[in-house]
Amino acid sequence: MTELTWLNELLAGNRIFTPQTIGYYWDGLVLTTQLVFLSLVAGLVLAIPLAIGRSSGRRWISLPIYVYTYVFRGTPLLIQLYIIYYGVVFFDGIQQTFLWPILREAFYPALIAFTLNTAAYTTEIFRGAIKATPRGEIEAARAYGMSQGLMMRRIVLPSAFRRALPAYGNEVIFMLHASAIASVVTLMDITGAARFVYARFYAPFEAFLFAAAIYLCLTFAILYFFRYLEKKLLAHLKPQSGN
């Protein structure tokens, strides 16, 4: 307890922000970070092959992917979360399978909903970046005798990733903000912690303003990270100053 002495002294006399309530916000921060990070990673892994398929000239490949992205981008994330969280119990026999111990926990339906949603948006982001690949780069790769797979791996995807970086940074921030709805399925994320503090102390401004400050700090950190990546990866696009 000695390491918390400074915190107790700082919060002395404060009725709302006690070490206990700060602990709720901290737990909410950890859960929010885990949920957003895992959904973004899984969504990115799904989005790359889907974006390649979406860019395909074969309609039997691109059309199902288009339908998937259209549905998930055209419906609210909250509705998708409700359908997955509440709808899974209506599958016959699901409670007798090995999946039930996982799906009955609110975290995993939320993770699935967030992953499918961000994968749909990221697919379209990367699809646009792939389509914007300069034709000269493709022709040069073909002139070197590269196969379609090798050209995609060495030329198209690295180039598309650099072009997609600003838009993908916005998607990461969007997912952070959208994660606030996780509290509606009983998850104690940052917003869930604010709801708890509000219900306990009847202090909506203090509870939710503190949560907003946490989201704001996370947003600035993400912005700084992507600005740094853009500076490193897009430096060759900056106009060169004359001597």
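The values are calculated or read from the model by the stated rules, or taken from the named source; none is laboratory data. The structure presented is a predicted model; accordingly, all values stated were derived computationally and were not measured. All Cβ positions, even for glycine, are placed from backbone atoms using ideal geometry, and neighbour counts span all protein chains on display. Areas reflect the complete protein model, heavy atoms only, side chains present, ligands, DNA and RNA absent. Shrake-Rupley method; radii C 1.70, N 1.55, O 1.52, S 1.80 Å.
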**Asked** Rule-of-thumb check for region 15-122: C-alpha Rg over 2.2 N^0.38 Å?
**Response** 1.34
**Asked** GNM on the chain, C-alpha springs below 10 Å: top fluctuator among Ala51, Ala182, Ala132?
**Response** Ala132
**Item:** Which of Pro109, Ile48, Asn170, positive extreme of dipole for region 42-187 (C-beta unit charges)
**Value:** Ile48
**Request:** Report the residue, chosen from Ile190, Ile65, Ile138, that carries the largest GNM mean-square fluctuation when the chain is represented by alpha-carbon nodes joined by springs under 10 Å.
**Result:** Ile138
**Request:** Provide the net charge surrounding Pro166, with neighbours chosen by a C-beta distance below 13 Å and charges set as Lys +1, Arg +1, Asp -1, Glu -1.
**Result:** +2
**Message:** Using a 1.4 angstrom probe on the protein heavy atoms only, could you order Met151, Met146 from most to least accessible area?
**Reply:** Met146, Met151
**Fill in**
For the chain, shape from the Cα gyration tensor axes a ≥ b ≥ c, cut at a/c of 1.5 then a/b versus b/c, turns out oblate
**Most mobile listed residue (Ile61, Ile102, Ile16) in the chain, GNM with C-alpha springs under 10 Å** = Ile102
**Message:** Nearest 500 deg cm²/dmol is fine: what mean residue ellipticity at 222 nm does the chain get from its DSSP H runs of n ≥ 4 alone, each adding -39,500 (n - 2.57), divided by its residue count?
**Reply:** -24000 deg cm²/dmol
**Item:** Cβ-placed point charges (K, R +1; D, E -1), dipole of region 42-187 about Cα centre in debye, nearest 20
**Value:** 640
**Complete:** Here region 136-145 yields Karplus 3J(HN,Hα) values (6.51, -1.76, 1.60; θ = phi - 60°; whole Hz; Gly and Pro given as x) of x, 5, 5, 5, 5, 5, 5, 5, 7, x
**Message:** Tell me the net charge near Ser55. Cut-off is 9 Å between Cβ atoms, Ser55 excluded, with +1 for each Lys or Arg and -1 for each Asp or Glu.
**Reply:** +3
**Asked** For region 114-231, what is the convex hull (Cα atoms) projected area averaged across all directions, in square nanometres?
**Response** 9.0
